[in-house]
Amino acid sequence: MTTPAIRSTQSAGVAYAGGAYLLWGVLPLYFLLLAPTGPWEVVAWRVLLSFVFCGILLTVTRGWKALGVIIRQPKLLGWTALAGVLIYVNWQVFLIGTLTGHVVETSLGYFINPIATVLLGVFVLKERIRRLQWAAIGIATVAVVVIVVFYSSFPWIALSLTASFGVYGLIKKKIGPAVDAISGLTLESFWLIPIAVVQLILVAATPAGITMGQYGPWHAALLAFAGVATAVPLLLFAAGTRRINLTVIGMIQFVTPVMQFIIGAAVLGEPMPLERWLGFIIVWIAIAVFVIDLLLAGRRGRREARPELV
């Protein structure tokens, strides 16, 4: 029986996770407001300001002690460094896609990501998956082949986003509760500071130079907000996953690519020829199979957890 306390916790979890995916869904519009700042400068500020914001959060939440415990464990530090590299690749590819008119392709990456995550579980964690999950993986593979062959364009942005975020999620799962959300993001940002500094130096050497402070206070404020815009969805996501099961998370996460697809195709008017529509329709069929499997698995789980009447 579900108690009011459990229902309250689950409702909070849905709200947290839903908030995270809604914010991720509108991020393309936010980053487009940062023009003429390019993707390399945006990511550099995103790294540096995320680290500053996390430092403030650690101070407010008195989390420095927990961070100190993690720092004394070299193995955990190694995992956070690898997670940092992967999330950097994800951020950089996402910004390149968003700021060069490929928002629709970024949405494709996040449509495929849940299915790729299942595949990683099979080959890396040796998990067993159900027949419908295999069917979804097969259909998604066909979709990628269709886009490559008929659209004559290799979707490197989509596949890079899928791979980087999929492996990032795998590492976060492996670390588990040993690293809390704020400490994890703090360390991931910390490892990336040298890369961010080098990027800013290289950007400064270009004819356009660094744009921070060059286009008025409104633009500077928006660019400075990049750290908050990066950290808040990740922290909401962590709070949500602690309160609701993965079945619910699996269904909510499609909010992000749906919003990005609508922004790219309807708002920004990116080209959607017949071949691309065909590829996306096949992806959506794969997602439908995937969601049906999640619903059936959730229903079976509730039946098995229900106490038998004596």
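Structural remarks
- Search result, residues across segment 25-57 that are more than 22 Å from the chain's Cα centre (by Cα) and either under 15 Å from V232 (Cα atoms) or assigned to a helix (DSSP H, G or I) (or both): I56
- Of F150, F154, all but one fail to be farther than 25 Å from V291 by Cα, touching an Asp or Glu at 6+ places or on another chain (Cβ under 8 Å) and at pLDDT below 85; the exception is F150.
- Here P194, P233 are screened, and the one residue that is free of Cβ contacts under 8 Å to residues at least 12 places away in the same chain, part of a helix (DSSP H, G or I) and closer than 22 Å to L67 by Cβ is P194.
- Residues satisfying the stated conditions in segment 213-240, i.e. within 21 Å of F254 (Cβ to Cβ) and open to solvent by 50 Å² or more (accessible area, probe 1.4 Å): F237
- The single condition among (1) assigned to a helix (DSSP H, G or I); (2) out of contact with any Phe, Trp or Tyr (no Cβ under 9 Å at 6 or more places or on another chain); (3) surrounded by 16 or more Cβ atoms within 10 Å (Cβ to Cβ) that W277 does not satisfy is (3).
- For segment 202-212, the criterion of a residue being part of a helix (DSSP H, G or I) and open to solvent by 30 Å² or more (accessible area, probe 1.4 Å) is satisfied by at least one position.
- Residues in segment 170-201 that are closer than 17 Å to P39 by Cβ and open to solvent by less than 40 Å² (accessible area, probe 1.4 Å): L192, A196, Q199, L200.
- T59 under 29 Å from S160 (Cα atoms) and either in contact with an Asp or Glu (Cβ under 8 Å, 6 or more places away or on another chain) or surrounded by fewer than 13 Cβ atoms within 10 Å (Cβ to Cβ) (or both): no
- Just one of (1) farther than 24 Å from Q253 by Cβ; (2) open to solvent by 70 Å² or more (accessible area, probe 1.4 Å); (3) in a helix (DSSP H, G or I) fails for L22. It is (1).
- Within segment 139-168, the set of residues being β-branched (V, I, T) and open to solvent by 60 Å² or more (accessible area, probe 1.4 Å) comprises T141, V142, V145, V149.
The values are calculated or read from the model by the stated rules, or taken from the named source; none is laboratory data. The shown structure was predicted, so the numbers you read here are calculated from the model rather than taken from an experiment. Every residue, glycine among them, receives a Cβ derived from its backbone with ideal geometry; neighbour counts consider all protein chains shown. Side chains are part of the model used for accessible areas, which takes the heavy atoms of the whole protein and leaves out ligands, DNA and RNA. Shrake-Rupley method; radii C 1.70, N 1.55, O 1.52, S 1.80 Å.
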